[in-house]
Amino acid sequence: MGRKGIGPDDTVFVILSFEGPDAYSSAGGLGVRVDGLSKTLASMGFPVHLFFVGDPRLRGEEKMIDQRLTLHRWCQWISHYYPRGVYQGENEKLYDFNESIPSFVMEHVVKPAVRENRMVVILGEEWHTAEAMCRTSDTLHANGLRDTTVMFWNANNTFGFDRIDWGRLGYTATITTVSRYMKQTMWKHGIDPLVIPNGIPAHLLGDVDDRRVAQLRRLTEAGMLLSKVARYHPDKCWETAVDAAGLLKAEGMRSVLLARGGIEPYGGEVITRARAVGLRTIDVDTSGNTADDYMQAVESGGGADYLNLKFHCPQQFLRTIYRASDAVLANSGHEPFGLVGLEAMAAGGLAFTGSTGEDYAMHLQNSVVLDTADPQEIETYASYFVTHPEEGERIRTAARQTARLFTWERVVTNLIHKLEHQAHVQGLLGTVVSRDDVGGESDSSSVETTQVPPMVEPREFAAVGSM
């Protein structure tokens, strides 16, 4: 009997990524993405192998979620010499990743799966895995196994696009991306990718502790509480956010900006700008990791206008910040998807987004979608919601409803539909192939085919109601 679809009993997933779930391996949204994607697939019953540049102090291989998710911490022998994180020693790790991944995946994942008559889906993430995906396809083809796999490669950002051989990658894998904005950006490279959005864990839709929200507002002594969580990079429009806070202060509003950036040098320029527009800035830190520790750190800000949070903010504390804020400034000039904006909406926050990759954002329905980099636009909307709180609450309620459409479970269902379409095109669904030798060619006399639906043009994801 031929396969009728992609299901846990007949499909194995492989995910290739530089970043991963370890603290050592997570430098941004990519680590969050692959963690959520891999755990959701495993929770749905699929066997999943996640390959990433892992913490050299942890086990090289670890199983989770009833043995269905296998973490493969790659390049550990190199990471031992580069303890500061996934991108330290980047070129050395990349060379090792490209050289060793293809044969390992073939021998230890694809061949065993084929023996059990299972299909293998290989998902590559970001430019670091583009070469490995191409080489994996070549290796499988040379061993008569390419027709047992479906390969998707995903672009989360434009980083490293100049280092990708697009013709080769497009020949060996189906290319996807996370938003219509990124799709249009990739047209410039002659690529027309499928659109499959990012997701959020369903638990982020839970209620936020109102007591902690009230405590945070009280400790900041803010008449208007603003927040911004992003890398310190010009694309994130930090100066626009800072200038807006300066305008509010100049008008006599006691505003406080809670800022969680990164370690990027541009952070120094942002702080300098904040001081230039009249904001009193202070760095706040803590050695503890409890909610009380974080609150004490904020309290130590001593009434400053700009609190530069230097400590790691776990998701639970971020959700408190988002819910407590009068405006979550997720404004960017270039945002492939905008995960922070969606996370803020899930917490019932009032998100101010840019107008690039935030497909989920609908102006004055579930968020504020900023059209310009003019700080006065932020100041005008923020002031309006202070005097019209009922409008803010209406938007916050709609925001949480929208966020429910973007849980990883829904996103994975969307992904599987598109994988099934590609598997039909390749003849993997509706076909049984008998193999005496895993590495050999299929016996055409044993191939049984069923009717494949006519090919349709893949639909890209719509922000609301399409899943």
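General remarks:
- Residues (more than 15 Å from residue 199 (Cβ to Cβ), surrounded by 24 or more Cβ atoms within 10 Å (Cβ to Cβ) and hydroxyl-bearing (Ser, Thr, Tyr)) located in region 25-52: 25
- Exclusive hit being surrounded by fewer than 18 Cβ atoms within 10 Å (Cβ to Cβ), at pLDDT below 95, under 20 Å from residue 334 (Cα atoms) and not charged (D, E, K, R), set 223, 252, 262: 262
- Filtering 297, 241 for residues that are touching a Leu at 6+ places or on another chain (Cβ under 6 Å), assigned to a helix (DSSP H, G or I) and modelled with pLDDT of 95 or more leaves a single hit, 241.
- Total residues in region 103-133, condition among the polar types (S, T, N, Q) and in contact with a helix residue (DSSP H, G or I) (Cβ under 7 Å, 6 or more places away or on another chain): 1
- Any hit, region 274-288, residues being over 30 Å from the mean Cα position of the chain (by Cα) and in a helix (DSSP H, G or I): yes
- Members of region 289-310 that are over 25 Å from residue 270 (Cβ atoms) and more than 28 Å from the chain's Cα centre (by Cα): 292
- So residue 357, is it buried (at least 18 other Cβ atoms within 10 Å of the Cβ), touching a Ser or Thr at 6+ places or on another chain (Cβ under 7 Å) and part of a helix (DSSP H, G or I): no
- Residues within region 303-338 that are hydrophobic (A, V, I, L, M, F, W, C), surrounded by fewer than 24 Cβ atoms within 10 Å (Cβ to Cβ) and assigned to a helix (DSSP H, G or I), tallied: 2
- When each of 402, 413, 397 is tested for being buried (at least 16 other Cβ atoms within 10 Å of the Cβ), assigned to a helix (DSSP H, G or I) and either in contact with a His (Cβ under 9 Å, 6 or more places away or on another chain) or not charged (D, E, K, R) (or both), the lone residue that passes is 402.
- Test for residue 111: is it touching a residue at least 40 places away in the same chain (Cβ under 8 Å) and outside the structural domain of residue 419 (by TED's automatic domain parsing): no
- Residue, surrounded by the most Cβ atoms within 10 Å (Cβ to Cβ), within region 75-92, restricted to residues that are closer than 12 Å to residue 24 by Cβ and touching a residue at least 12 places away in the same chain (Cβ under 8 Å): 86
- Residue within region 94-105 that is more than 22 Å from residue 137 (Cα to Cα) and either surrounded by 15 or more Cβ atoms within 10 Å (Cβ to Cβ) or in contact (Cβ under 8 Å) with a residue 12 or more places away in the chain (or both) present: no
- Counting the residues of region 350-408 that are touching a residue at least 40 places away in the same chain (Cβ under 8 Å), small (Gly, Ala, Ser) and over 24 Å from residue 254 (Cα atoms) gives 5.
- Of all residues in region 143-171 being buried (at least 21 other Cβ atoms within 10 Å of the Cβ) and of a type outside the set (A, V, I, L, M), the one that is farthest from the chain's Cα centre (by Cα): 148
- Qualifying residue in region 419-429 (condition: aliphatic (A, V, I, L, M), in contact (Cβ under 8 Å) with a residue 60 or more places away in the chain and farther than 30 Å from residue 151 by Cβ): no
- Extreme residue, surrounded by the fewest Cβ atoms within 10 Å (Cβ to Cβ), among residues of region 275-290 that are over 15 Å from residue 310 (Cβ atoms) and touching a residue at least 12 places away in the same chain (Cβ under 8 Å): 278
- In region 2-24, the residue that is surrounded by the fewest Cβ atoms within 10 Å (Cβ to Cβ) out of those that are among the acidic types (Asp, Glu) and farther than 22 Å from residue 262 by Cα is 9.
- Any helices (runs of 4 or more DSSP H) falling wholly within region 159-226 and containing at least 2 residues that are outside the structural domain of residue 356 (by TED's automatic domain parsing) and out of contact with any Cys (no Cβ under 7 Å at 6 or more places or on another chain): 166-172, 180-187
The values are calculated or read from the model by the stated rules, or taken from the named source; none is laboratory data. Given the structure is predicted, the values throughout are model-derived calculations rather than measurements. Using ideal geometry, Cβ is built from the backbone for each residue, glycine included, and neighbour counts are taken over all protein chains shown.
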